[in-house]
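The values are calculated or read from the model by the stated rules, or taken from the named source; none is laboratory data. Bear in mind the structure is a predicted one, so any value in this text is a computation, not a measurement. Cβ placement follows ideal geometry from the backbone for every residue including glycine, while neighbour counts extend to all protein chains displayed. Quick note on the areas: whole protein, heavy atoms, side chains included, nothing else; ligands and nucleic acids left out. Shrake-Rupley method; radii C 1.70, N 1.55, O 1.52, S 1.80 Å.
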Amino acid sequence: MLVQLRFIVRMLSIRSAIVASITILLIAGANATSITAPATDDAARVANLWWGFLAFASFVFLLVIVLLATAMRSAFAAGESSQISPRGGWYLVLGGGVVLPLIAVVGLVGSGLWIGGVIARDEPASGLTVEVSGKRWWWEVIYYDGAGKEIARTANEVVLPVGRTARILLTSDNVIHSFWAPNLQGKTDLIPGRVNESHITPAKVGVYRGLCAEFCGVQHAFMAFIVEVREENEFAAWLADQARPRTIPDDPHLRRGLEVFLAYDCGTCHTIRGTPAQGKMGPDLTHLAMRESLAAGTIPNTKGHLAGWIGDPQAVKPGVLMPPTALEPDDQEALLAYLASLD
Amino acid sequence: MSKRRDDAPSGDLETKDGRHWEHPQTRDAAHHGRREEERQEPLHPTVEDNEEEIRKLELAWAAPTGFIGWFKPVNQRIIGRRFIVTAFVYFVLAGLLGLAMRLQLAVPENDFLPPEIYNQFFTVHGTAMMFLFAIPVLEGFALFVTPMMIGTRDMAFPRLNAFGYYVYLIGSSIFFVMLLVGMAPDTGWFNYVPLAGKLYAPGVGVDIWTTMITFIEVSALTAAVELIVTILKLRAPGMTLNRMPVFVWASLVMAFMIVFAMPSIIVSSSLLILDRLVSTGFFVPEMGGDPLLWQHLFWFFGHPEVYIVLVPALGIVSTIVTTFTQRTLFGYTAIVISIVATGFVSFGLWVHHMFATGLPHLGMSFFMAASAMIAIPNGVQVFCWIATMWGARIQFSTPMLYVLGFFWVFVIGGLTGVMVASIPFDLQVHDTYFLVAHFHYVLIGGSVMPVLGGLYYWYPKMSGRMMSEFWGKVSFALVFIGFNVAFFPMHQLGLDGMPRRVYTYLEEMGWSELNFISTIGAFVLAAGFATTFFNALASLRVGPKAGNNPWHAETLEWVTESPPPPYNQRHIPIVNSREPVWDWREEQERPVVLGLRSDRREVLVTSILDAEPHAVQVVPGPSIWPFLSAIAASVGFVGILFHPIFFVVSFFLAFFSFVGWFWPRRPWRED
């Protein structure tokens, strides 16, 4: 009992510490992942469901422990042993074993049907459709317009407008993944051969972290993403930026960087729209510099981290499919400068 | 109502005068014996024994000795004990893997285990705990205890029993050796396709996994068939179905669940190996297959599996509660109905493992309701035990302490289990550490703690000696504290978004403190388990000698010596009530069956419902053929991964070993 209590106390303090230290930001400044800090109405409903469950479960648990302690009292007391009357016993068994669970079942199924129905309802006519495709081990994010035409393609970062329902299509062409941003919505699997759907209606502007929740191989642990919720106009500007292809840079240093990119066959796997690099294996890098993180939310997108990632990806994310690239210092400098210009 | 007496009709074998039942066809009148009213020694049968007969009986049932003899015994207690010991060895090995994983997760961005090794470890940890520990250890207890509890001398098919053990031993050893050479599967114990398909798991790991699964299934099915036939047909006369001990009921339900659940995993693992070896494409979407089919098949087995290891453990709890309160179990009928209901309902829950796969919400709602409903039979059992304990002078020996620990842990695990039945809540916590916490509360609380209690409880019967009470209590304290420290914080980790099966995590995620605490708890828990195992080993030599019935229990395994002679009991008892041992003590009389021959292995066959004697079966004796047949089958199952010719080789090997196995003997021979 003491052990449990101490933990509850400990956990409460950790919880408040997390809430208080939202300023100790995660990579890319995202909020702490938590199902009890909801940023959508759906997540808030589930959070409330959890608090209700917790209250009811605590009550039942305490009831059982108190009854158990009462049952055992004679074992410690000096008095005579006594037996429960058959009637009393059946009240106990029917009350605790049938009525109590039935109340729980009715409450649970009722709330589950209601909240689950709200979440599953097929509502969005907002015209915002985002396909999230699970890769090993990163996320491809594709924005479509109302007619189903591709607008832009990016990776590991989903930007959504506040207050508008986004229809998220979940696909995979490899193994099963699961798309989960705890503060926004429950998880939905990405299953090869199927198109699953999830709907997110962000209620608050902010940056939220998401994770792959289905074991998908050696780097399942570092397959994260970021959901950034912005005001409608900022979102529109961002999407317009993302849609823009690149031109061959005029600056000779940057042009040298692009040549390095192509010379080292980076374009076999990566696309930079508007250049000869049209590879489909890895993330689209057209607007790499606009992203907050690299390697699916593993390291911040800074020059030093990017250099380390290109030189030896295995050191950052063992088992990753990207091959290492040994660059001459000049080439590296030019390439990093070019990649930093991809805003 | 908690009646002390069961007034159901008991058939006509209870004769008021002699209280003996004699086999009608007996030709051996020599040892009818005289009845003597020995009221001082009520638990000895009221017949006089002939030394010569006992010697003959011992000879007929003795297990062979020597090195070769080690592979021959078929006696139910020897096989049961081997299952239990082997299963505990795997418990220790898989537990060490668990500790290594906890070490890796103790601090963020740890590099103690690289991801490919960590993934092998959690795959083997899960697989071994479920297939190599939980099922076999409970089968082992059932094989060891049930025949004695129902008052017979062996299982119905002793050689099949031995075969099942060797298949289990060979399959599990190969599986663990693969880990040592770094070729173990790394795709999780659930082996979701396409991750477990040839494209994404090219090594032999998954092949070995499917083969091992097949081995364990064969073994489990043999044990299940054994248990069903033994329990239904070999009960002592008078032990009608409604006088059967609760543990026997639980074993019976477990056996039926194995029979219905295992074919599903045999089918799914066979389809997977076909996909991998000959590209059949059952699970490949490009070839018209469906990855979800695997999940349905796997969980149609996988969910009942949880209850396969839970139901007999609850049977152990009922046994221990009865013994340590010295009381009739409250609500016997309600408990039995609950056990049977659990068995049925457990087959209607599997989709709750698949709520996140995008199935239609309304369709999943059925499984949400069914998953929550299973709280009722389990709740009924918990409150029946509380009613039994109400006001009793409970003896707080180690087995009872483990049962009390079980209450605490299992109730928490059950409550979180009901929570995750809710679809919207499950979509949040599914595949997070909340789930890891939940099922460890259910499996360690609901299964391992009763099993440890059962170990302390039946150890005297197995070894003839008691385990140390002091170290037993130390062990319980460490297990209980260590378990809660290790697994309670995981609930919060899950709510904070920590997914399962990650080999490490970033410091920024804020999961470090709770993970560190959890690792400390895991080591305390391991110390608790280790204490029990050292206690068991040391007590083999230094434990105080146990009498026939050290706990004053009420079931039939306690009327014979500890450890029992190879024939279990000198005379098969006649049962008139649910607590035969207590009643015999009161009535100063213990009726027995006479007329079975002593010079060969005879067991009494009785009717299914009322246990009326029907016939005498002569069961086969020791034989090397089950072992050789297991080898022959293994050559095929393992060899086929490397070359198809092994299928043919194994076919002929199995043919010859089965010919040897079934070579006619003459049980009717008068020699």
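Is it the case that B:Val248 is among the aliphatic types (A, V, I, L, M), in contact with a Phe, Trp or Tyr (Cβ under 9 Å, 6 or more places away or on another chain) and at pLDDT 95 or above? No.
In segment B:80-100, the residues that are open to solvent by less than 60 Å² (accessible area, probe 1.4 Å) reach residues that are hydroxyl-bearing (Ser, Thr, Tyr) with C-beta atoms within less than 7 angstrom, at least six apart or across chains, in these pairs: B:Arg82/B:Tyr165; B:Phe83/B:Tyr165; B:Tyr90/B:Ser172. Within segment A:295-307, can you find the residues that are more than 19 Å from A:Phe225 (Cβ to Cβ) and open to solvent by 40 Å² or more (accessible area, probe 1.4 Å)? Of everything in segment A:295-307, those that are more than 19 Å from A:Phe225 (Cβ to Cβ) and open to solvent by 40 Å² or more (accessible area, probe 1.4 Å) turn out to be A:Lys303, A:Gly304. The set of residues in segment A:81-101 that are more than 7 Å from every other protein chain (Cβ to nearest Cβ) and farther than 20 Å from B:Gln326 by Cβ comprises A:Arg87, A:Trp90, A:Tyr91, A:Leu94, A:Gly95, A:Val99. In the set (1) assigned to a loop (DSSP other than H, G, I, E, B); (2) at negative phi; (3) under 29 Å from the mean Cα position of the chain (by Cα); (4) surrounded by 19 or more Cβ atoms within 10 Å (Cβ to Cβ), the condition left unmet by B:Leu604 is number (1). Annotation: of all residues in segment B:191-219 being surrounded by fewer than 21 Cβ atoms within 10 Å (Cβ to Cβ) and in a loop (DSSP other than H, G, I, E, B), the one that is nearest to the other protein chains (Cβ to nearest Cβ) is B:Tyr200.
When we screen A:Val162, A:Val205, A:Val195 for residues that are within 11 Å of another protein chain (Cβ to nearest Cβ), touching a strand residue (DSSP E or B) at 6+ places or on another chain (Cβ under 7 Å) and surrounded by fewer than 20 Cβ atoms within 10 Å (Cβ to Cβ), the only hit is A:Val195. Across segment A:318-343, the number of residues qualifying as in contact with a helix residue (DSSP H, G or I) (Cβ under 6 Å, 6 or more places away or on another chain), assigned to a loop (DSSP other than H, G, I, E, B) and either surrounded by 16 or more Cβ atoms within 10 Å (Cβ to Cβ) or within 14 Å of another protein chain (Cβ to nearest Cβ) (or both) comes to 7.
Within segment B:499-518, the set of residues being more than 8 Å from chain A (Cβ to nearest Cβ) and within 10 Å of B:Tyr433 (Cβ to Cβ) comprises B:Trp511, B:Asn515, B:Ser518.
Among the residues making up segment B:56-71, those that are open to solvent by 30 Å² or more (accessible area, probe 1.4 Å) and either closer than 21 Å to B:Ala142 by Cα or among the hydrophobic types (A, V, I, L, M, F, W, C) (or both) are B:Leu59, B:Ala62, B:Ala63, B:Phe67, B:Ile68, B:Trp70, B:Phe71.
With respect to B:Thr152, determine if the residue is polar (S, T, N, Q), within 30 Å of B:Glu557 (Cα to Cα) and modelled with pLDDT of 90 or more. Here the answer is yes, as B:Thr152 does meet what is asked.
Each row is one residue, and each column tells you yes or no for (1) within 19 Å of the chain's Cα centre (by Cα); (2) closer than 19 Å to B:Thr342 by Cα.
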{"position": "B:Ser397", "(1), (2)": "no, no"}
{"position": "B:Tyr402", "(1), (2)": "yes, no"}
{"position": "B:Phe407", "(1), (2)": "no, yes"}
{"position": "B:Phe410", "(1), (2)": "yes, yes"}
{"position": "B:Gly417", "(1), (2)": "no, yes"}
{"position": "B:Ala437", "(1), (2)": "no, no"}
{"position": "B:Gly453", "(1), (2)": "yes, no"}
{"position": "B:Ser463", "(1), (2)": "no, no"}
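When B:Phe483 is tested against (1) more than 21 Å from A:Gly210 (Cβ to Cβ); (2) of a type in the set (Phe, Trp, Tyr); (3) open to solvent by less than 20 Å² (accessible area, probe 1.4 Å); (4) within 9 Å of another protein chain (Cβ to nearest Cβ), only condition (4) is not met.
Determine whether segment B:363-370 contains at least one residue that is in a helix (DSSP H, G or I), of a type in the set (Ser, Thr, Tyr) and modelled with pLDDT under 95. Yes, the conditions are met somewhere in segment B:363-370.
Among the conditions (1) crowded, with 22+ Cβ neighbours inside 10 Å; (2) of a type outside the set (Lys, Arg); (3) within 8 Å of another protein chain (Cβ to nearest Cβ), B:Leu401 misses just one, which is (3). Of all the listed residues (A:Ala263, A:Ala315, A:Ala277), the sole one being more than 30 Å from A:Ala32 (Cα to Cα) and either among the polar types (S, T, N, Q) or open to solvent by 40 Å² or more (accessible area, probe 1.4 Å) (or both) is A:Ala263. Scanning segment B:415-438 for residues that are within 24 Å of A:His199 (Cα to Cα) and small (Gly, Ala, Ser), we see that the one that is nearest to the other protein chains (Cβ to nearest Cβ) is B:Ser422.
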